[in-house]
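Heads up: the structure comes next, in structure tokens.
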Amino acid sequence: MKHLAEYREDLHSCSKCGLCQSVCPIYKITGNDCSVSRGHFIMLLGLLKGELKMTKRINRYLDLCLKCGACSKFCPSGIDIVDIIASAKAEYFKIHPIEKFISFIQKYLIFGFGMNIIKLFSRNIKSKEFEKKVIYFGGCSGKMKGNKAVIKLLNACNIEVITPNFKCCGIPFYVRGDRNTFEEYAQSYLDIIDKLNVKDVVTACASCEKTIKSFSDEINVKNIFQYLKENNIKLKLKKKKRVTFHKPCNIDNYEDIKWVLENTENLEYIQMQDFDKCCGWNGITKPGEYKIMSKIFQNKNKNILKTKAKTVLTSCLGCETALNIYSLGKYKAKDFTEFLAENV
Ligand code: SF4
Ligand code: SF4
């Protein structure tokens, strides 16, 4: 995790063209330049030059960003905003005890004690043995749902699944700016992989995948859909199901998921409008910004309802939780891996 000062050149490379405004879901609602990359970068340069101080107001603008990355994909200068915002949050984290307190609760109560209790009740099975072996990184989703779905699907590809007890990938700490906890979690992941001496890792969650890929170039991280596509595993559902799919922002390889959606028998896939636009999960954690965030939730909800599908598939625990909250029982959001394992 780089320090804010190390991004000085990136901040300077912003040409102020304003193209990021046309894709930023938050700017579209607020119309305020401080809530989009261009404005963020001007503020952060002000901080680095000592012209501004890291105040609660600046932190609010950093927090408003959904970390969806839509602006980075569109930016002609190719600036990655998510990493820059995380490094700026780390500056705020250093000087604000309340941030440290929240992080402490997350680390020890939610992701520590809480997840270990939940894990006792999740559905876990033993993998069959095959020559080819992969390590399953389940993250929090794996602790809550167990390893049954992933093992069932990968064993169908003649792949043995090793399931060590990993911690969370650390993304909640990364976006809060808790550098120490994030680096501790990254090290714990690397130590476990090192001991197992297997360099292939599989995950079913887009956010975990993106995060653990950043820990090492020597570990080969793939998502489960890539394995299904590579092995040409065409599944068949027991009964016909109409579904739609919400693409999490952190997915880089949507093509693999699309292949599974299009090649699973009895799966009627209806693509929703703006299926690849952020669901606003990050906004759910900011009740003070409800007025802004609710507009993002409403758009997603409207597009889902138009498909008339009762099941919305996705592959990120955050998106799945957000969509189930918006649905008010009108549809069910489901992890795609879990859905496949339950229905074939
Ligand atoms: S699109 Fe990129 S270069 Fe243009 S204003 Fe936004 S951040 Fe700057
Ligand atoms: S990451 Fe998303 S919410 Fe944040 S500034 Fe870029 S487009 Fe806007």
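What the table below lists for this structure:
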{"quantity": "Counted residues, the range 241-296 - those being of a type outside the set (A, V, I, L, M, F, W, C) and over 15 Å from the mean Cα position of the chain (by Cα)", "calculated": "24"}
{"quantity": "Residue that is surrounded by the most Cβ atoms within 10 Å (Cβ to Cβ), among those in the range 286-297 that are assigned to a helix (DSSP H, G or I) and touching a residue at least 24 places away in the same chain (Cβ under 8 Å)", "calculated": "Ile296"}
{"quantity": "From Ile270, Ile304, residue being surrounded by fewer than 19 Cβ atoms within 10 Å (Cβ to Cβ) and farther than 22 Å from Asn231 by Cα", "calculated": "Ile270"}
{"quantity": "All positions within the range 116-140 that are modelled with pLDDT of 85 or more and part of a helix (DSSP H, G or I)", "calculated": "Ile117, Ile118, Gly139, Cys140"}
{"quantity": "Count of residues meeting criterion [without any contact (Cβ under 8 Å) to a residue 24 or more places away in the chain and over 20 Å from the mean Cα position of the chain (by Cα)] in the range 299-337", "calculated": "3"}
{"quantity": "Residue ranges of helices (runs of 4 or more DSSP H) in the range 1-91 with at least 3 members more than 21 Å from the chain's Cα centre (by Cα)", "calculated": "8-12, 25-30, 37-49, 56-64"}
{"quantity": "Asn147 without any contact (Cβ under 8 Å) to a residue 40 or more places away in the chain and surrounded by 18 or more Cβ atoms within 10 Å (Cβ to Cβ)", "calculated": "yes"}
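The values are calculated or read from the model by the stated rules, or taken from the named source; none is laboratory data. Every value quoted in this text rests on a predicted model; they were computed, and no experiment measured them. Don't worry about glycine lacking a Cβ; one is built from the backbone with ideal geometry, like all the others, and counts go over all protein chains shown.
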